[in-house]
């Protein structure tokens, strides 16, 4: 696979300055003037290329390519944020944006420089994934399709491959320039099986900040295809899920979505600052058993949720949020860091130049504990085993969260028995954390498919955890009334 | 922002695509501007403005092979390279036997008459837009009103926004359309507290015309009410019981119904409505209409994304499923004409019932009135539905206590067979629906 050296990868600053017909030094001056009197702020310049190829029903189902470019100028005075965008990359528009924002926020402040002490480092290759021709990508998808159709009961497949490259440059009001080049790829493997007159789809995805090599590597797509097939078959076999409060054993990796919703959002500095999180008054308090430690880590190599710098230009880091059961930190962008008098943690993110940055997660993970995952299962006399979720959401004000699972499995007498369908899990953050009584030693991140939505903006994230058990504190919703 | 410039770009893209070998082309160029003000605790917290946003989209066919492209870069050289690229992509794609561009017979009218024919839709508010200062004052007053609601203790903010967009759309069959639209939104979010318990609630409204926005008074009342309603909420015991959907969540059921009628889902056998055309899904007093010709609504249009003319359709008449919703492509998959739904639903409406909401609540000895759903939708392939829910526990129509941290589950087909609906009505997005009563669903709590 070719590793193409293209200008926006080798010199992003020059590449992004080119359409503006200027150089970075002059651009710094323009930004400095435009943000004169601002307490904080920056110019965020972005160009992005993306492509998608999808295969369904024995033929191409979608073939597309897109590019976008634009800038966002942010002006911060106290708790006020002014944000102006345009996708005309001209100095005149940047100047116009500056004037419009200055009118909206006439208050004049001294620029508040950012303090942090860790160095910039890179956590993924600065490379474009977009080097494969349509035919080469098609060959990969056809191979997966042929593999799946050999399984009994398969009536349809849906395989897709997406790739994108985001190139950004950030110029802060104090003239500090930083840039990043962010590849992202993703493969989704879906298969539809039939049994009698029932049909069900199983779907598994994976990806990361790398090239399509990751998808082509035999182990990656084969294990995704096998898992998708098993999911589809289990859904066909599945019976109605019981309902009520019961112990729940969550599998490693992707079920970490429960942490992301139940804990992560409540620890975002903006929700805490505004008093809209149940965790706001709990800093330095015990919130879970001492088996539980949770981090947000933007530095995990090649992962979907990783970044070299956040979208304010702050280098990312590993932030310890819960340390052996004690809440020790929140996540901060520059605004919440200023409010709390701490350093920003590299969590200021935005979906694209069209949005002002807000506090977002990167890779949020519970660390390994000491329990044997097989022991955890054996010790559970009854309950539900949930190895996967399709999505979830949370209300950080009340702490209530909900998740849905495509297929779950009954635990009877310490063993996984039959698949059940339609399981929804609901609970309250603080309660759920307190009920985690077993934490396995098999912590891992998900395979690279997470997207998190907040305030109308979506960003790619990673979630992870070990096998763990909640002895209670959550309610399972299914159509069957639990007889026990 | 000029539609003349956008038209020029679109025509050039069309010419270039044909030059590089495209046999069919669909092209769109759109521009928009937007301003929004957010206030919190009576201070302006955010001001967002779009100085200029422009986008182009191009879909090409080479025979039956297709590919598409989107871009925000309008440089002449870049555009030419994009066109070359998309045609090259199409040339190596596999054939889509259902690919087609709408011929003249399927258009709503001669393109030269379009502007005149569309005028009744009133997409654009011709009045001068409110100034930023006026929007700020409106947002501040909205927040103040909502803070006055009893038991509301804190504001999460209020916002007002205005936007305008223009768009040019053309196909290689000769269809040309341009139009302009305005939009305004208003939202407010409040927190109610009692002791250490907090609940949040809010209201949101959007309209094409500024004067059609819900009043501050009404938004404030709805936001306060929804925040306070859940104070003291607790779960209920797991049981099978009647469930009433308040219109604000009932509208989602209509949306799911619409998704299940999608021609693509029928073709791929991934809808629970498969083989149920003309069957009695609902009681015979239920009619569900999709009407694309209601003035000033966001969902209204004379033609869809494939430039096929739209029409008012009864999707369900007297409880019976009457049709699938199709684009040209999904219509071809099923061997039926397009129903003009390439852009999705337009304005969905469920007929008025004959009993009031209060009578509906009193008609069962006990019920869970759902006012909020947490989670995604049903499994469209099976109709199975399971979701987090919150609302009120009712006995003989009287509120006993608010409920949260429960899930509700059921199967849509079973639920719809004995569904009863009220004479109340609320509109959310482009869906208008009354309260809905379902005989039995599984509610899981403690």
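In chain B, the longest principal axis of the Cα atoms and the axis of helix B:76-91 are about 80 degrees apart. Here the convex hull built on the C-alpha positions of region B:1-155 has a volume of 212 cubic angstrom per residue.
Can you bin the protein assembly as shown into rounded, prolate or oblate? Criterion: square roots of the alpha carbon gyration tensor eigenvalues sorted a ≥ b ≥ c, rounded for a/c under 1.5, prolate for a/b above b/c, oblate for the rest. Taking the square roots of the gyration eigenvalues as a ≥ b ≥ c, the protein assembly as shown is rounded. Placing R0 at 35 angstrom, the Cβ-Cβ distance between residue A:29 and residue A:103 gives a FRET efficiency of 0.95 after rounding to 0.05.
Dimensions of region B:397-446 from C-alpha coordinates, computed as largest minus smallest value along each principal axis and given longest first, are 35, 26, 23 Å.
Could you tell me whether region A:228-323 comes out rounded, prolate or oblate from its Cα gyration tensor? Rule is a ≥ b ≥ c as square roots of the eigenvalues, rounded for a/c under 1.5, then prolate if a/b exceeds b/c, otherwise oblate. Oblate, because a/c is 1.5 or more while a/b does not exceed b/c. Computing Rg and the Kirkwood Rh from the Cα coordinates of region A:362-484 gives a ratio, Rg/Rh, of 0.96. Based on C-alpha pairs under 8 angstrom that are at least 6 apart in sequence, region B:25-130 has a relative contact order of 20 percent.
For region A:1-115, the relative contact order is 26 percent, taking Cα pairs closer than 8 Å that sit 6 or more residues apart in sequence and dividing their mean separation by the residue count.
Extending 7 Å from the Cα toward the beta-carbon at both residue B:18 and residue A:213 defines two label points whose distance is 4.6 nm.
Note on region A:308-391: Rg/Rh from Cα positions, Kirkwood definition for Rh, rounded to two decimals, is 1.13.
Most simply put, the protein assembly as shown has about 90% antiparallel DSSP beta bridges, counting only bridges with both residues inside it. Relative to the dominant Cα principal axis of chain A, helix A:134-149 is inclined by about 20°.
Label positions at residue B:269 and residue B:400, each projected 7 Å from the Cα along the C-beta direction, are separated by 4.5 nm. Counting neighbouring Cβ atoms within 10 Å and putting the fewest first, the residues B:179, A:339 line up as A:339, B:179. Note on region A:9-83: the alpha carbon radius of gyration divided by the globular reference 2.2 N^0.38 Å gives 1.63. Shape call for chain B from the C-alpha gyration tensor, a ≥ b ≥ c root eigenvalues: rounded (a/c under 1.5), prolate (a/b greater than b/c) or oblate? Judged from the Cα gyration tensor, chain B comes out oblate (a/c at least 1.5, b/c at or above a/b). Using C-alpha pairs under 8 Å with a sequence gap of at least 6, the mean separation divided by the residue count of chain A gives a relative contact order of 16 percent.
The angle between the Cα long axis of helix A:24-34 and the longest principal axis of the Cα atoms of chain A comes to about 90 degrees, rounded to the nearest 10. Can you tell me the FRET efficiency between residue A:176 and residue B:91 if r is taken as the Cβ-Cβ distance and R0 is 45 Å, rounded to the nearest 0.05? The computed FRET efficiency comes out at 0.45.
Counting every other Cβ atom within 10 Å of each residue's Cβ, A:470, B:190, B:164 order from fewest to most as B:164, A:470, B:190.
Among A:155-167, B:212-224, the peptide with the highest mean count of other Cβ atoms within 10 Å heads the list, and the full ranking is A:155-167, B:212-224. The mean count of C-beta atoms from other chains within 10 Å of the C-beta of residues in B:30-36, rounded to a whole number, is 1. Rounded to the nearest 5, what % of the DSSP beta bridges within region B:335-444 are antiparallel ones? The answer is about 90 percent antiparallel. At q = 0.06 Å⁻¹ the log10 of I(q)/I(0) for chain A amounts to -0.30, computed by Debye summation with a single uniform scatterer per C-alpha, solvent ignored. Sorted on the mean count of surrounding Cβ atoms within 10 Å across their residues, most packed first, peptides A:294-301, A:216-223, B:194-201 read A:294-301, B:194-201, A:216-223. In a fully extended conformation the segment linking residue B:153 and residue B:239 would gain 27.5 nm over its present Cα-Cα distance, using 0.36 nm per residue.
Only the coordinates and a few stated rules stand behind these numbers; no lab work does. All of these numbers come straight from a predicted model, not from anything done at the bench. Here Cβ is always computed from backbone atoms with ideal geometry, including for glycine, and neighbour counts include all displayed protein chains.
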